[in-house]
Amino acid sequence: MAHSLFPRQQRGILLTPDPELAALFRSLWDPAEVEWTVVERGRRAMEIIFNEPPDVLVVDNRLEDIKSVEVATIVKSENVYRQLPVILCLDAGDLEQPWNWNEIEADDFLVRPFLPTQARERVHLTLCRATRAMDANPLTRLPGNTSIISRIQDLIDRRDDFALAYCDLDYFKSFNDKYGFSRGDEVLMMTARVIVNTIRSFTGVKSFVGHVGGDDFVFIMPASHVEEACKRVVEAFDGIVPYFYDQDDRERESIVSTDRQGEVRTFPLMALSIAVVFNTNGRLKHYGEASAIAMGLKKKAKENVKSCYVLDRRSP
């Protein structure tokens, strides 16, 4: 059996009066992978969509009671459903005049006569694209937690060798408390750029960078390159981060702020702690194992007030 693209069953709504199109879509997927609800009239579908939002909406331009473009506009005008991907099914003649895709709130389209394999893959692509878009961190635009977990587990399932680096900003909260969230966001953006640009500098190397959330980032790359990458990330971060502080704090190399117990304390300048977990010879079986190992390593890294990295040297 082919490996499913989706971690759970996807629900699709197909609006069409065409029984052949309905039969085609239902034949392309096992119901356990994608379950289709077929509705013949567009206005009837609105109640279903808003009561039980699907993962994807496919709208036939042959609907008799409402235009497919109008369906897309109505759905996307509801803020909570704005991320719902909409695919239009068109006839070749529909495209004789140019369409203004800036105004038409659709995510893709299919054209009759439908090629079954193409229809299936375009729907797959739309679903994957929507998942990536929703998961992306709104500040850094890096893949978020869902994508990170999926990538790690996929590598584990394939028994690929890799190094997974968890990056955590130290003393970020004290910086935020003194300088404000706007300046804190600038630090997060800088950290993301440093990590992305550093990892990208290893040309020809398969890699991945994600933003877990807050001040936590990850990157994945071959074990043979990861220590050099950590050195470069730490060096670049330490070279830039002091300039986010006011001159007097920068010269003193510390700030005065209130800790979580409400006490006034002196904090060092922000530092970057990196914990690196290795998967070799199928050592890891679940992404949770990597996270647990990294938590222990990060505690060790945070014992150093300066930026540093810790490698998991334990044998498989």
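The values are calculated or read from the model by the stated rules, or taken from the named source; none is laboratory data. Note that the structure is predicted; figures quoted are calculated from it, not measured. Using ideal geometry, Cβ is built from the backbone for each residue, glycine included, and neighbour counts are taken over all protein chains shown. Please note that ligands, DNA and RNA were not included when accessible areas were found on the heavy atoms of the full protein model with its side chains. Shrake-Rupley method; radii C 1.70, N 1.55, O 1.52, S 1.80 Å.
Helix 68-77: angle to the longest alpha-carbon principal axis of the chain, degrees 0 to 90, nearest 10?
30
Please name which of Tyr245, Leu164, Tyr179 has its Cα lying farthest along the dipole of the range 164-311 towards the positive end, using unit charges on Cβ (Lys, Arg +1; Asp, Glu -1) and the Cα centre as origin.
With unit charges placed on the Cβ atoms, the residue in question is Leu164.
Could you compute the net charge surrounding Gly184? Neighbours are other residues with a C-beta less than 13 Å from the C-beta of Gly184; K and R count +1, D and E count -1. Write out the running numbers ahead of the final one.
Values: positive: Lys173, Lys178, Arg183; negative: Asp177, Asp185, Glu186, Asp215.
Once all neighbours under 13 Å are counted, the net charge is -1.
Can you tell me the accessible area per residue over the range 131-238, all protein chains present, probe 1.4 angstrom, in square angstrom?
On the way: 5170 Å² over 108 residues.
Solvent-accessible surface per residue comes out at 48 Å².
Scale the Cα Rg of the range 174-316 by the rule-of-thumb value 2.2 N^0.38 Å and send over the ratio, two decimals.
On the way: Rg = 16.5 Å, N = 143, 2.2 N^0.38 = 14.5 Å.
Dividing the Cα radius of gyration by 2.2 N^0.38 Å gives 1.14.
Over the alpha-carbon set of the chain, work out the extent along each principal axis and list the three values in angstrom, largest first.
Here the Cα extents, ordered largest to smallest, are 72, 45, 37 Å.
Let me know the charge dipole size of the range 126-278 about its Cα centre in debye, to the nearest 20, where only the beta-carbon of Lys, Arg (+1) and Asp, Glu (-1) is charged. If you can, show how the numbers build up before the last one.
On the way: 18 positive and 23 negative charges, 132 e Å.
It works out to roughly 640 debye.
If you take the Cα Rg of the range 160-240 and divide it by 2.2 N^0.38 Å, with N the number of residues, what do you get?
Numbers: Rg = 13.3 Å, N = 81, 2.2 N^0.38 = 11.7 Å.
Expressed relative to 2.2 N^0.38 Å, the Cα Rg reads 1.14.
Note down the relative contact order for the range 53-185 as a percent, whole number, built from C-alpha pairs under 8 angstrom at least six residues apart. Show your work: numbers first, answer last.
Numbers: 112 pairs, mean separation 22.8, N = 133.
Rounded, it is 17 percent for the range 53-185.
If I take every Cα pair under 8 Å that is 6 or more residues apart in the chain, average their sequence separation and divide by the length, what percent do I get for the relative contact order? The partial results should precede the final answer.
On the way: 477 pairs, mean separation 43.7, N = 316.
Normalised by residue count, the contact order of the chain is 14 percent.
Find, among the chymotrypsin sites (Phe, Trp or Tyr not before Pro) in the range 1-105, those assigned to loop by DSSP (not H, G, I, E, B) with at most 13 other beta-carbon atoms within 10 angstrom. Could you put the intermediate results ahead of the total?
Details: sites: Phe25, Trp29, Trp36, Phe50, Tyr81, Trp99, Trp101; in loops: Trp29, Trp99, Trp101.
Within the range 1-105, the qualifying chymotrypsin sites (Phe, Trp or Tyr not before Pro) (loop, at most 13 other Cβ atoms within 10 Å) are Trp101.
Distance between the C-alpha centers of the range 1-62 and the range 117-166? Whole Å please.
One Cα centre to the other: 23 Å.
Among all stretches of the chain without exposed GluC sites (Glu not before Pro) (DSSP loop, at most 15 other Cβ atoms within 10 Å), which one is longest?
With GluC sites (Glu not before Pro) excluded where exposed in loops, the chain gives 104-252 as its longest stretch.
Taking the Cα centre of each part, how many Å lie between the range 231-254 and the range 82-100?
Result: 51 Å between the Cα centres.
Using Cα-Cα distances under 8 Å and only pairs 6 or more residues apart, what relative contact order does the range 196-316 have, in percent?
Working: 119 pairs, mean separation 22.9, N = 121.
Averaging sequence separation for qualifying contacts and normalising by length gives 19 percent for the range 196-316.
Among Asn102, Val86, Val69, whose Cα sits farthest toward the positive end of the charge dipole of the range 45-109 (+1 at Cβ of Lys/Arg, -1 at Cβ of Asp/Glu, about the Cα centre)?
Checking the options against the dipole of the range 45-109, the answer is Asn102.
Taking one equal scatterer on every alpha-carbon of the range 226-266, how large is log10 of I(q)/I(0) by Debye at q = 0.15, 0.19, 0.24 1/Å?
-0.54, -0.70, -0.80
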